[in-house]
Amino acid sequence: MTQNPEPSSSTPLTNTASHAVVEPKLYGSKLFWAVVALAMGGFGIGATEFTIMGLVQEGSKDLGVSLPAMGVLISAYALGVVVGAPILTAMLAKAPRKTAVIWLMVAFTVFNSLSFFAPTYELIVAARFLSGLPHGAYFGLAAILAASFVAPTKRGSAIAWVMMGLSVANVVGVPFITWLGQNFGWRWMFASVAFVGALTLLLIILLVPNVPALKNASVRTELSALKNGQVWMAIATGVVGFGGFFAMYSYISPIATDVAGISLKTVPVLLALYGVGMVIGNWVGGKLSDISVIRTIVWCCIVMIALQLGFGLTAHITWLVFIWVPLLGIAGSALVPSLQALLMDSAPKAQALAASLNHSSLNTANALGALLGAAVLDAGFGLRAPMFLGAALAVLGLILALLTAMRQRKIDAA
């Protein structure tokens, strides 16, 4: 990421919601490595969230369950994120930020280890739910940490760089772990993620400075974000818009093999291309968020509608799939930093909870998309149906984004 110049004064850092000129707390290599440590946690989270989607066929055979049943493993993790983000963030409101992210990563590592050893389908579902609990709170607090290290004008980029760990996971981690799961057993996914979690713990302890909680932080203060209507509008936009994306991506492996005619061994390559799209989209989205949060959200929704329709209509053309998938990765990832910034701006006194709620919304979308995708598949509409369902949900997401923009203009004018 772009490194900040060395501070020239002792001006203290103010709340990141403020647009006053402030000096960053970190600069140069210290800033770079602190953000890398936080992003490594995002790498592990991205690996455990997305690799399962490329191993649903292997897991189905190993556990003796259907593809829609494997979709429940995706939804269980997402439900854990939704439940854990507000509860754990509020519980950790008074804890120093570094201490909070350390404990969240401990829980993430332990619960992924449980997934590896769980002997039955039902216990794996339970372990996946537990693994999801720290996800949203970790990303929310990591985003607050990164934003506190830089000037307010660089906040969107700082958030994007923390999220870059998740994007890079889809380029390197997801394809490699998918290959590992295909060749040595799909459960090795969980062991690999636990290893990344342990490495993240070491890096955070060594490289991230101690940052105290806000002076007046409390459970009540954090939960006050839930009273803000703009917070709920932003959450709804993320849930509906990304629900359409996950309706398709949850079943990308069978779509690629059964519709596009791609071999199962080539699926990791497709996932890697999606990850490349995520990296590009995350970087572009951070830059666009620094310019205009609302406009970035609206245009990303429009692009996602077009891409979902195009993919659904041409999924049988093998070479086009290798274009559609990374483009969807770009559009989806470009939206995330702006949603994160919008939520943080909507609740300046409860930024940690607001930031974590972004991941609650995305994982509600994950669960919703996987379940709706399973529903259209069980209804016999075929493997193209999730793409068209995704386009319809993206239209609803666009409507909500426009309503959010209108509401924000009224708030700004007041």
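How large is the convex hull of the Cα atoms of region 184-323 per residue, expressed in Å³ as a whole number?
Working: hull volume 25.8 nm³, N = 140.
In region 184-323, the Cα hull volume divided by residue count equals 185 Å³.
Residue farthest toward the positive end of the dipole of the chain, with Cβ of Lys/Arg at +1 and Asp/Glu at -1: which of 315, 236, 51?
236
If you place +1 on the Cβ of every Lys and Arg and -1 on the Cβ of every Asp and Glu, how big does the dipole about the Cα centre of the chain come out, in debye to the nearest 20?
Working: 21 positive and 12 negative charges, 175 e Å.
Charge dipole of the chain: 840 debye, to the nearest 20.
More than 24 angstrom separation, counting every C-alpha pair in region 271-386; what % is that?
Tail fraction, whole percent: 33.
Sort 246-255, 106-115, 351-360 for me by packing, meaning the mean count of neighbouring Cβ atoms within 10 Å per residue, highest on top.
Numbers: 246-255: 26.6, 106-115: 21.1, 351-360: 29.6.
For the peptides 246-255, 106-115, 351-360, the packing ranking is 351-360, 246-255, 106-115.
I need the calculated FRET efficiency for the pair residue 410 and residue 302, taking r as the beta carbon distance and R₀ as 30 Å, to the nearest 0.05.
0.85
Going highest first, how would you order 295-301, 123-129, 385-391 by mean Cβ packing within 10 Å?
Details: 295-301: 22.7, 123-129: 20.1, 385-391: 24.6.
Most protected by this proxy first, the peptides run 385-391, 295-301, 123-129.
Using the Kirkwood formula over every pair of different C-alpha atoms, what hydrodynamic radius in Å results for region 335-414? Walk me through the intermediate numbers first.
On the way: mean 1/r = 0.0689 Å⁻¹.
For region 335-414, the Kirkwood estimate is 14.5 Å.
Using θ = phi - 60° and the Karplus curve 6.51 cos²θ - 1.76 cosθ + 1.60, what whole-Hz ³J(HN,Hα) does each residue of region 122-137 get, with Gly and Pro shown as x?
4, 6, 5, 4, 5, 5, 5, 4, 5, 4, x, 4, x, 3, x, 5
Compare the peptides 312-323, 226-237 by average per-residue count of other Cβ atoms within 10 angstrom and give them in order, highest first. Spell out each step's value before the answer.
Numbers: 312-323: 15.5, 226-237: 19.7.
Ranking the peptides 312-323, 226-237 by packing returns 226-237, 312-323.
Can you list the lysines whose alpha carbon is less than 21 Å from that of residue 265, not counting same-chain residues fewer than 8 positions off?
Within reach: 61.
Calculate the tail of P(r) for region 231-297: the fraction of all Cα-Cα distances greater than 17 Å, expressed in %. If you can, show how the numbers build up before the last one.
Working: 1307 of 2211 pairs.
The answer is 59 percent, as a whole percent.
Taking the chain as the reference, fit the longest principal axis to its C-alpha atoms, fit the long axis of helix 267-291 to the helix C-alpha atoms, and give the angle between the two in degrees, 0 to 90, nearest 10.
The angle comes out at about 30 degrees.
From the helices alone, meaning DSSP H stretches of at least four residues, give me the mean residue ellipticity at 222 nm for the chain, per-run term -39500 (n - 2.57), in deg cm²/dmol to the nearest 500.
Numbers: 15 runs with 309 residues, N = 414.
Taken over the chain, the calculation gives -26000 deg cm²/dmol.
Just the Kirkwood number for region 28-413, please: inverse of mean 1/r across all distinct Cα pairs, in Å, one decimal. Walk me through the numbers before you get to the answer.
Working: mean 1/r = 0.0493 Å⁻¹.
About 20.3 Å, per the Kirkwood formula over Cα pairs.
What is the diffusion coefficient of region 105-189 in µm²/s, taking the Kirkwood radius over Cα pairs and the Stokes-Einstein relation at 25 °C with a viscosity of 0.890 mPa s? Before the final figure, lay out the partial values.
Details: Rh = 14.7 Å.
Rounded, D is 167 µm²/s.
Only the coordinates and a few stated rules stand behind these numbers; no lab work does. The structure displayed is predicted, hence computed values, not measured ones. No Cβ is skipped: glycine too gets one built from the backbone with ideal geometry, and neighbour counts run over all protein chains shown.
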